[in-house]
1. List every residue pair whose Cβ atoms sit under 7 Å apart, with the two residues 6 or more apart in sequence or on different chains, where the first one lies in segment 109-136 and is at positive phi and modelled with pLDDT of 95 or more and the second, anywhere, is in a helix (DSSP H, G or I) and of a type outside the set (Gly, Ala, Ser).
2. Taking segment 145-155, which residues are small (Gly, Ala, Ser) and in a loop (DSSP other than H, G, I, E, B)?
3. Need pairs with beta-carbon distance below 6 Å; first residue of a type in the set (Val, Ile, Thr) and within segment 12-37, second open to solvent by less than 80 Å² (accessible area, probe 1.4 Å); sequence gap 6+ or separate chains.
4. With ALA61, ALA35 as the choices, which residue is assigned to a helix (DSSP H, G or I), open to solvent by 20 Å² or more (accessible area, probe 1.4 Å), hydrophobic (A, V, I, L, M, F, W, C) and over 17 Å from ALA204 (Cα atoms)?
5. Those residues that are within 12 Å of the ligand (Cβ to nearest atom) and open to solvent by 10 Å² or more (accessible area, probe 1.4 Å), I need them from segment 113-137; list them, please.
6. More than 20 Å from TYR118 (Cα to Cα), assigned to a helix (DSSP H, G or I) and of a type in the set (Asp, Glu): is that true of ASP142 in this structure?
7. Among the residues of segment 79-120, how many are within 27 Å of PRO43 (Cβ to Cβ) and not hydrophobic (A, V, I, L, M, F, W, C)?
8. Looking only at segment 161-193, count how many residues are without any contact (Cβ under 8 Å) to a residue 40 or more places away in the chain and either farther than 21 Å from LEU119 by Cβ or assigned to a helix (DSSP H, G or I) (or both).
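The values are calculated or read from the model by the stated rules, or taken from the named source; none is laboratory data. Because the structure is predicted, anything quoted here is derived from the model rather than measured. Note that each Cβ is placed from the backbone with ideal geometry, even for glycine, and that neighbours are counted across all protein chains shown. Just so you know, the surface numbers come from the protein's heavy atoms only, side chains and all, with ligands and any DNA or RNA stripped out. Shrake-Rupley method; radii C 1.70, N 1.55, O 1.52, S 1.80 Å.
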Amino acid sequence: MQASETKLDSNEALERGRWLFVQECRFISGAASLAQVPETVLPEVAFAGRSNVGKSSLINALTGRKTLARTSNTPGRTRQINFFDLGGRLMLADLPGYGFARAPKEQISGWTELIDAYLKGRAELRRCCLLIDARHGAKDSDRKVMAMLDGAAVSYQVVIVKSDKITETELAARGQALIGELAGHPAAHPKVIPASSRLGSGIAELRAALAALAANR
Ligand code: GDP
């Protein structure tokens, strides 16, 4: 076991994560361009994933709110990054979902332009949680985002979501496959976190990982 793992899974780290995520979480604003991204002095964590991967459910499970993050991934609807202030210590950025099979070309290039500008231009961004569906593993659209994150040198950690949809054995195999794939990516965190918003598993570990990035006051 690595030293960082010991620290992350310690009771103290879990308690710090629990404490952070019971703080008030406040919607700040939505940004459809880099110019609209709100100014902040807080460290920031972004959440990215294919549409329908379970991103809203994960953000709601983390913050203990049922309707904080809403699914706004209907094709054709305005895509924006939504910002939330968590207890004046951490900014959460909910990135628009990607990977629509039938999305028009302009929509894909609009998404890519916004996310690329954000990843490269956001000095406060400490980490991106990249959500991957336990049943499907990494898809080509996820790999494109990994390449964008590597290119922007933004540290990212894979969260395997909807882990309740597969067996423990399948989950272990999925985790190993992803760890193997991530080893070739310079900005990827070596540890993946399995989670189920439905069952609440993995949520405490993810809170602890994110609390380690939050501002101390
Ligand atoms: P988003 O589009 O990425 O924000 O995804 P949503 O959070 O709206 O979730 C998409 C669908 O997946 C919804 O029907 C959710 O109920 C379902 N879902 C989300 N998280 C989980 C989970 O942990 N387990 C299971 N079984 N279903 C989930």
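1. Listed pairs, sorted by first residue: none to list.
2. ALA153, SER155
3. Cβ pairs passing all conditions: ILE28/PRO38; ILE28/PHE83; ILE28/ASP85; VAL37/ALA31.
4. Only one candidate qualifies: ALA35.
5. ASP133, ARG135
6. no
7. 16
8. Residues in segment 161-193 being without any contact (Cβ under 8 Å) to a residue 40 or more places away in the chain and either farther than 21 Å from LEU119 by Cβ or assigned to a helix (DSSP H, G or I) (or both): 17 in total.
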